[in-house]
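All remarks here apply to the structure that follows.
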Amino acid sequence: MPPDHLLDDYVDPYDDPAARGRRHGPLRVGLGGPVGSGKTALAAALCRTLGAELDLAVVTNDIYTTEDADFLRRHAVLPDDRIEAVQTGCCPHTAIRDDITANLDAVELLEARHPGLELVLVESGGDNLTASFSYGLVDVQVFVVDVAGGDKVPRKGGPGVTASDLLVVNKTDLAPLVGADLDVMRRDAAAVRGGKPTLLISLREDPAATEVAAWVRQQLRSRAAQHA
Ligand SMILES: Nc1nc2c(ncn2[C@@H]2O[C@H](COP(=O)(O)OP(=O)(O)O)[C@@H](O)[C@H]2O)c(=O)[nH]1
Ligand SMILES: [Mg+2]
């Protein structure tokens, strides 16, 4: 890892699109975003919706606990042996971007345990708007924000909002309560994302995360077509 004072200029070697997309093994999907935006709720929803049709597993990242993994186990969205918890003990984005070893170990453990694995979701520990995954760890990344912090969030940018493969704006059910204008969020997101997709959803109203699940299926299809 480069020294701190060089991090601003640090270019992840895996950010090269040509280096992205493993040919073999499961599709690895990163779920990033601020604390409380709904990453674990989205992981649970995707497991419920896709679990019957795909061989899948989840890696969770928490700073000091295994709370997210415990939540998924408690709600029995997947068998226990398909959930691995990484305790980062440090700034969560370090573990998904700069020193990804613990996460790679967790993914490889799941792959060894389940040789037919088709999809691995990697939930990052909650961070702020600056967090993003190394493409050495994931093939595609979803950034989850919510409307509860107001409609300014997409406008504030940051690599998660601008560069993620899919931006999810969750908790649209709360928009009237916090006075957030969803059209403003949609327009601001489109303005900074250069054509990449944004979905406004409410996991409260659609616990199956139908549109996000459809996007994941599409990613699987396009990877299969790319490597056919
Ligand atoms: N009102 C509302 N609450 C939600 C929604 N999605 C998640 N939540 C709640 O938001 C809280 C944080 O969700 P969680 O998935 O733990 O967030 P994470 O920190 O990003 O993993 C939990 O209490 C969820 O039940 C939603 O669409 N609407
Ligand atoms: Mg979580």
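Numerical summary
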quantity: Hey, ARG97 of a type in the set (Lys, Arg) and either more than 15 Å from ligand 2 (Cβ to nearest atom) or part of a loop (DSSP other than H, G, I, E, B) (or both) or not; calculated: yes
quantity: Criterion violated by ASP70 - all others in (1) part of a helix (DSSP H, G or I); (2) within 27 Å of SER222 (Cα to Cα) satisfied; calculated: (2)
quantity: When residues of region 130-179 are limited to those that are closer than 14 Å to THR198 by Cα and of a type in the set (S, T, N, Q), the one farthest from ligand 2 (Cβ to nearest atom); calculated: THR162
quantity: Selected residue (criterion: nearest to SER124 (Cα to Cα)) from residues of region 73-94 that are in a helix (DSSP H, G or I) and away from ligand 2 (no atom under 16 Å from the Cβ); calculated: THR94
quantity: Residue within region 25-47 that is out of contact with any strand residue (DSSP E or B) (no Cβ under 7 Å at 6 or more places or on another chain) and either modelled with pLDDT under 85 or among the basic types (Lys, Arg) (or both) present; calculated: no
quantity: Restricting region 124-137 to residues that are over 9 Å from the mean Cα position of the chain (by Cα) and not small (Gly, Ala, Ser), the residue that is surrounded by the fewest Cβ atoms within 10 Å (Cβ to Cβ); calculated: THR130
quantity: When residues of region 18-48 are limited to those that are in a helix (DSSP H, G or I) and more than 10 Å from ligand 1 (Cβ to nearest atom), the one most open to solvent (accessible area, probe 1.4 Å); calculated: ARG48
quantity: Any chance ASP99 is out of contact with any His (no Cβ under 6 Å at 6 or more places or on another chain), acidic (Asp, Glu) and either surrounded by 15 or more Cβ atoms within 10 Å (Cβ to Cβ) or at pLDDT below 90 (or both); calculated: yes
quantity: Hits in region 49-91 (condition: on the phi > 0 side of the Ramachandran plot and open to solvent by less than 70 Å² (accessible area, probe 1.4 Å)); calculated: GLY89
quantity: Number of positions in region 112-123 that are assigned to a helix (DSSP H, G or I) and either of a type in the set (Ser, Thr, Tyr) or crowded, with 17+ Cβ neighbours inside 10 Å (or both); calculated: 0
quantity: Failed criterion for LEU109 (all others in (1) modelled with pLDDT of 95 or more; (2) within 15 Å of ligand 1 (Cβ to nearest atom); (3) open to solvent by 50 Å² or more (accessible area, probe 1.4 Å) hold); calculated: (2)
quantity: Complete set of residues in region 162-185 that are part of a helix (DSSP H, G or I) and buried (at least 23 other Cβ atoms within 10 Å of the Cβ); calculated: MET185
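The values are calculated or read from the model by the stated rules, or taken from the named source; none is laboratory data. Note that the structure is predicted; figures quoted are calculated from it, not measured. With ideal geometry, Cβ positions are generated from the backbone for all residues, glycine too; neighbour counts draw on all protein chains shown. Calculation scope for accessible area: heavy atoms of the full protein, side chains included, ligands and nucleic acids excluded. Shrake-Rupley method; radii C 1.70, N 1.55, O 1.52, S 1.80 Å.
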